[in-house]
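*Asks:* This structure is in structure tokens; I'll ask about it shortly.
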Amino acid sequence: MSYAQPAAANYYSPPSRPQPKQRGHRVCDQCNAVEQPGSRYRLCGGCMVTQYCSQDCQKKHWPSHKAICQHTSSQISATKQQAMGSLDDNLVKNLRKFTSSHSSLLGWAGFQALQLKRMPSNIRSNALLIELSHRPSSSDPHRRFSVKGTHIVPRTYVTDNDPLVGDDIRRREDRCRRGGGLGCIVVLIQCGEISQVMPIEVDSPNRISWDSRNDWAEVLRHFVESGRTDFSPISTTARGIVYG
Ligand SMILES: [Zn+2]
Ligand SMILES: [Zn+2]
């Protein structure tokens, strides 16, 4: 006997009630509002790191954000000068696009790499370094990078190297902990001479039901190489398997 279509039970049916956000969530840097499904947060165009719920919040935040923002952009131009023009201009732009479109994948990879479910205190001592290779010739903008390697490095490698960046991470971390969160996962993305620090604020581990995965590096590689930006972490709960 053959069926024209697979039985309905083969399909994954999403839960009818919306799931609470369980992830390294995006927080407006000015008003601390947490991004909700459907809302579109804007990135600061200068540093491409801080995020805002609205243009209003971005304007209000500028006086206190100006220093770190200009510091971040000036580091990039200094690197460009050192490379004496040999640095691909598109690399910086592509890298920013990459981190912003893969933010949930990168947050999840950091959570797994640091084994935060088992050892939440690792968030204070370790950081995830992701080394990328650039493939500027790729016509698909989502496939311009591949993962060259991943390493767990001491967090001081990032925070002590650059006091301004360290301060910015501490500020986010304080805010996150005041809200009952665990703190900031530090993910460092490196591609040639360019690197980008991604601080990702995470909920307390008892509110995160993500499955622990030892194959996180392969999952990361797969989504990056195939240019897929639709990654959702998997949780196995009493009510079934939940994506997102
Ligand atoms: Zn806001
Ligand atoms: Zn900025």
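*Asks:* Using only the alpha carbons of segment 85-244, determine the length spanned along each of the three principal axes and report them from longest to shortest in whole angstroms.
*Replies:* Principal axes ranked by extent give 50, 40, 22 Å for the Cα atoms.
*Asks:* What pairs from K59/K148; K60/K148; K60/K97; K66/K117; K59/K117; K60/K117 go past 31 Å between their alpha carbons?
*Replies:* Beyond 31 Å between Cα atoms: K59/K148; K60/K148; K66/K117; K59/K117; K60/K117.
*Asks:* For a test of the definition: using alpha carbon positions, the gyration tensor, and the 1.5 limit on a/c, classify segment 116-171 as rounded, prolate or oblate.
*Replies:* prolate
*Asks:* Extension gain Q115-W62, at 0.36 nm per residue separation less the Cα-Cα distance, in nm?
*Replies:* Full-extension gain reported as 15.6 nm.
*Asks:* Would you mind getting me the FRET efficiency between R239 and S101? Use the beta-carbon distance for r and R0 = 41 Å, nearest 0.05.
*Replies:* Given R0 = 41 Å and the Cβ-Cβ separation, E is 0.85.
*Asks:* How much length is gained on full extension from R124 to V34, taking 0.36 nm per residue of separation minus their Cα-Cα distance? Don't skip to the answer; put the middle values down first.
*Replies:* Working: separation 90, 0.36 × 90 = 32.40 nm, distance 2.27 nm.
Difference between extended and current length: 30.1 nm.
*Asks:* Measuring from label point to label point, each 7 Å out along Cα→Cβ, what is the R213 to I152 span in nm?
*Replies:* If labels sit at R213 and I152, their model points lie 1.8 nm apart.
*Asks:* Let me ask something else about it. When ranked by the protection proxy of mean other Cβ atoms within 10 Å per residue, highest first, what sequence do the peptides 139-148, 91-100, 232-241 form?
*Replies:* By packing density, highest mean first, the sequence is 91-100, 139-148, 232-241.
*Asks:* S54: net charge of surrounding residues, Cβ under 12 Å, Lys/Arg +1, Asp/Glu -1, itself excluded?
*Replies:* +1
*Asks:* How large is the convex hull of the C-alpha atoms of segment 85-136 per residue, in Å³?
*Replies:* Roughly 95 Å³ of hull volume per residue.
*Asks:* To two decimal places, what compactness ratio does segment 132-210 give when its Cα radius of gyration is scaled by 2.2 N^0.38 Å?
*Replies:* It is 1.33.
Values quoted throughout were computed directly from the atomic coordinates according to the rules given, and no laboratory measurement underlies them. What you see is a predicted model; the values in this text were computed from it and never measured. With ideal geometry, Cβ positions are generated from the backbone for all residues, glycine too; neighbour counts draw on all protein chains shown.
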